[in-house]
Each structure stands twice: as structure tokens, then as C-alpha cells.
Amino acid sequence: MTAGLLNLADLADLADRAGVPAERLRHYAEAGLLPPARRDGDRLGYPPAMAHTVRLLAGAETLGIGGGDLAGLAEAWQAGDCAAARHRLSAAVDARLDTVQGELTGRLERAASHGPGSAGWAEQTRASVTLSEDAARLQAAATLTDAPHTGACDEDCPCTTAVTVAGNVYRFPTGPDTDAVALACDLAADGGEAHDRVGVWQQTLARVLGRDPLPGTATGVALRFPLDADLAATLARLATAEYRCCSFGSYTIVIDHTGLPLEVRMPADAAGMLAAVVGLPDPPAPATKETRGGPDQP
């Protein structure tokens, strides 16, 4: 058996023990993230601890960590220094979270610019849901990387927990005077069907007749819909699902002489999300001669 074939066999054995696809391990080996297999007595292969290191690498990669950050983590984990690895992981998670948060803000801005209910809006909104899920995992990982641990990383160390945490709650970036706990979205609410709701919102928003500012609010908006019983039921289901996800919002369905308004209120720190999902109030109508001062006024 040649050395190259033997290396593939060793990687396959390690992949089986770690529960990580062999193709990913080959990528790690080619990138220099794994050392060559070594001889232990009459056996050539990887030591048992390497299986856990590989699982840590795979978990970090699913958080979006790569390049030099992943290489540094591989080095620290293989050296058996959990404290150093935890420091590197914390920095990498924070950097990745900043990147994802910036991408999410950009997606929401583009969704708003396309116009709620349009094809471009749906594309950007679906992408923003995925980014919110990524950010939620990174936020959860960030709270775990500072826990104390000595010696090598093991199944119970903060690194292991951080790279495998589910992270179902996304917390909005807030100002110093905002209750950050209140501005949190439970992405697992209603079975985590936020992706599926985008299509329903798209069809529903196509029936908006206009958008009015809500008196007494800085960011509230009332969406005017035609009076329709089926539409009212759809709006009720959407509003309920959105409230279960992001309970800091307020949704009120009104039936009056204007039709079927849906009043939506959000805190100022969530104004970007509100504008991206339902849109901003319509601009005031241009003043006519009558409204400027009557037909006899210049």
C-alpha cells in the first residue's frame, strides 16, 4: 500500500470515529489543519483525541469561521491548550458575528428598497431570515466562550459547547438605554417556519391599499387592506406568528370605514426590521392649489 493510499485510509478511519465526512477531513488535511498520521507502536494512524479535535473544527466551520482563524484554533486544540483555544474562539466568534450582523442590516435595507411584497423583497427577506439564524448561533456561542476550563479541550469544555449550541434566539443590537432582553426573537417559535411565512406575507402585502403613520408613535405604520373575511383571517395568523417570534412588537387588526387596517408598532431599535417587512408610511400627497390657500390665493 502506498503512503498516499495509507493516508486516505487513516483519514477514513478518523472520519468514522469522529462522525465527520471524510471529504471534509481531506480538506482539513490539504489545508494543513491536520497533522500527518503517526505511528503508535506497530500501528499508524491518529490518536483518539484527534477525533474530538476534528469535531471541534467542523463545529467552528459551521459557525462560519475559516481561514487563519480556523488554522489558529486547530493549532491550539491540537496543543491541548483549551484556554488559548477559547481565547481564539471568542475573538473569531465576535468577528464573525460583526460580519453577519452587517450583512443582515444590508439585507433588510435592500428588502425595504425593493418594496414589501416584491420578488426582490422576498429574496432579500429569505436571506435575512437565514442570517438571523446564523447570528443567533453566534450570539449563543459568544456567551459560552469565556467559561473557565483548564487543560485540553474535552466533551465538557466551553469550546465544545460553543461550537455545537443551537442558538434559537436572535437579539437585536440595541442602544444603551434599551432593554436588550425584550428585543429578542424566538426563531424556533411556531416550528421555526419564518422561511415559509415569507411567501404568505408576499401574497398578502400585494393587497395593501396604502400605508399610514400611526399617531403617537415614531415608527408605527398602519397597512390599509380591503375588507375581506379571508384576508382578515390570514392577517390574524401572520400577526400571531410574528408576535410569537418577536413579542416586542404589537399588531392590531381593525375593521372600520377604511376597510381592514393592520396597525404595527415596533421599538425604535427594531425600526429597520419593521420598514423591511411591512414598509414605511406613504409620502404625503403633494399640496394642491386648494390645500395651499384656496382657489383665489396665489
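Bear in mind that the values in this text are calculations on the coordinates, not laboratory data. On a predicted model such as this, the values are computed, not experimentally measured, just so you know. Cβ: placed from backbone, ideal geometry, glycine included. Neighbour counts: every protein chain shown.
Couplings 3J(HN,Hα) of region 54-66, computed from phi: 5, 5, 5, 4, 5, x, 5, 5, 5, 7, x, 7, x Hz, in residue order, whole Hz [Karplus 6.51 cos²θ - 1.76 cosθ + 1.60, θ = phi - 60°; x for Gly and Pro].
If you take all other residues with their beta carbon under 10 Å from the beta carbon of Val54, and give Lys and Arg +1 and Asp and Glu -1, the sum is +3. Relative to the longest principal axis of the Cα atoms of the chain, helix 194-205 runs at roughly 20 degrees.
Region 18-83 and region 102-123 have their alpha-carbon centroids 38 Å apart. Relative to the first principal axis of the alpha-carbon coordinates of the chain, what is the inclination of helix 229-245, with its axis defined by its Cα atoms, in degrees from 0 to 90 and to the nearest 10? In the chain, helix 229-245 runs at an angle near 40 degrees to the longest axis. Can you tell which of Leu144, Leu280, Leu209 shows the greatest fluctuation in a Gaussian network model of the chain with Cα springs below 10 Å? Maximum among the listed residues: Leu209. Placing +1 on the Cβ of every Lys and Arg and -1 on the Cβ of every Asp and Glu, with nothing else charged, gives the chain a dipole about its Cα centre of roughly 360 debye.
Between Asp156, Asp94, Asp69, the residue with the greatest mean-square fluctuation in the GNM of the chain (Cα pairs under 10 Å linked by springs) is Asp156. Across region 255-265, coupling constants 3J(HN,Hα) worked out from phi with the 6.51/-1.76/1.60 Karplus curve, θ = phi - 60°, read 10, 8, 5, 8, x, 9, x, 10, 9, 10, 10 Hz, and Gly and Pro carry x. For the chain, the longest principal axis of the Cα atoms and the long axis of helix 119-142 meet at an angle of about 50 degrees. As a length-normalised measure over Cα pairs under 8 Å and 6 or more apart, the relative contact order of the chain settles at 14 percent.
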